[in-house]
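Below: one structure, written as structure tokens.
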Amino acid sequence: MKFVLEVDISGMQGEGEAVAELGRALRYWGGNLGHYALEPGDGSQVYDSQYRQIGSWHIAASS
């Protein structure tokens, strides 16, 4: 299986904003993974600190 995380940081322009938001997303969603079985098809949207969707993660079968 693969854990796939995609986050679009292109709209983050303030100094350090991309680093801060990506760090927040990794901490939050990493801590939230315990609520999932981590089977292919599991996944969720990823939001920034202003609750804008910035990406998603999902579990995929290995190819």
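What follows is calculated from the coordinates using simple rules that are stated; it is not laboratory data. Just so you know, these numbers come straight off a predicted model, no measurement behind them. Please note: Cβ atoms are built from the backbone with ideal geometry, for glycine as well, and neighbour counts cover all protein chains shown.
Some values worked out for this structure:
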item	result
Bins of 10 Å from zero: percent of alpha-carbon pairs in the chain	21, 50, 24, 5
Two-site label geometry, Gln50 and Gln13: point separation in nm, points 7 Å out along Cα→Cβ	1.1
Acute angle (nearest 10 degrees) that the helix 17-32 long axis makes with the longest principal axis of the chain, alpha-carbon atoms	30
